[in-house]
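The values are calculated or read from the model by the stated rules, or taken from the named source; none is laboratory data. Computed from a predicted model, the values in this text were never measured in an experiment. Methodologically, a virtual Cβ is constructed for each residue, glycine included, from the backbone with ideal geometry; neighbour enumeration extends over all protein chains shown. Remember, those area values only see protein heavy atoms, side chains included, never the ligands or the DNA or RNA. Shrake-Rupley method; radii C 1.70, N 1.55, O 1.52, S 1.80 Å.
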Amino acid sequence: MIKKIALIGFLLVSILDIIGIAFKIESLIYLFKPLILLSLLFLYSNSVVDRNKWYSTALVFSFFGDVFLIYSGDFTFKAGLISFLVAHILFISIVIKRIQKASFLKALLAAIPFFIVLTGLIFLIKNALKELLVPVVIYGITISIFGMVSFLDYSTKKTKESLWMLFGAIVFMISDSILAINKFYESSLFFEIIVMITYVSAQYLIYKSMVCEQVEEAELKSFAN
């Protein structure tokens, strides 16, 4: 019952934030955007028995990233970038622990599509980045590695948890790419709406992966007994 209420809460605050963006109602954005990750953390806490501390910490850093990115300016953008950078490093560490066996060739092949997208994006927006070029490139490399290890994990295991995580990484990269285009190349209200829809979707997909992981572990323990 609590899980259902938590899910409804997460969906509700996400929708209200998207409405705020679509109709430029700042009060809705300031009120509900910070609640998205808090409600997802509450949902996760009521979906599993043993919480993964690294994932919970990643959600906290994502929350800070959301708060910083509400405000305009280079300082808050950098602070938001750093917050999400830490969150992605934590996501990467979670996925790396899942990978059972992988060759260098498989890792290289998994990296190619993500780094092609990153290279194209940086080429598109590099003239507008200026002093933000280095931090944006570092962040881009990090999220590309997140996509790479997620793809590598799925290619070796083919489990539900690895599939959800791969979808989450891909959608997260799409969201951040559109955000970068919107901020540094061509601003559009449509882009802003798509950024938030894909961002919320990515966070939920990663949440699904974390819940599936614990379900599968419980099933394995039950089978072993």
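Residue by residue, here is whether (1) aromatic (Phe, Trp, Tyr); (2) more than 21 Å from Gln203 (Cβ to Cβ) holds:
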site: Tyr55; (1), (2): yes, no
site: Thr76; (1), (2): no, no
site: Ser83; (1), (2): no, no
site: Ile94; (1), (2): no, no
site: Lys101; (1), (2): no, yes
site: Ile112; (1), (2): no, yes
site: Leu118; (1), (2): no, no
site: Lys126; (1), (2): no, yes
site: Ile138; (1), (2): no, yes
Would region 70-87 turn up any residue that is over 18 Å from the mean Cα position of the chain (by Cα), among the small types (Gly, Ala, Ser) and over 20 Å from Ile197 (Cβ atoms)?
-> yes
Determine, yes or no, whether Phe146 is crowded, with 19+ Cβ neighbours inside 10 Å, touching a His at 6+ places or on another chain (Cβ under 7 Å) and in a helix (DSSP H, G or I).
-> yes
Only one of these is modelled with pLDDT of 90 or more and open to solvent by less than 80 Å² (accessible area, probe 1.4 Å): Val215, Val195. Name it.
-> Val195
May I ask you to list the residues in region 149-163 that are crowded, with 17+ Cβ neighbours inside 10 Å and not charged (D, E, K, R)?
-> Val149, Ser150, Phe151, Leu152, Tyr154, Thr156, Ser162, Leu163
Kindly list the number of the only condition in (1) without any contact (Cβ under 8 Å) to a residue 24 or more places away in the chain; (2) open to solvent by 20 Å² or more (accessible area, probe 1.4 Å); (3) within 22 Å of Val215 (Cβ to Cβ) that fails for Leu166.
-> (2)
Over region 119-138, the set of residues surrounded by 12 or more Cβ atoms within 10 Å (Cβ to Cβ) and small (Gly, Ala, Ser) is Ala128
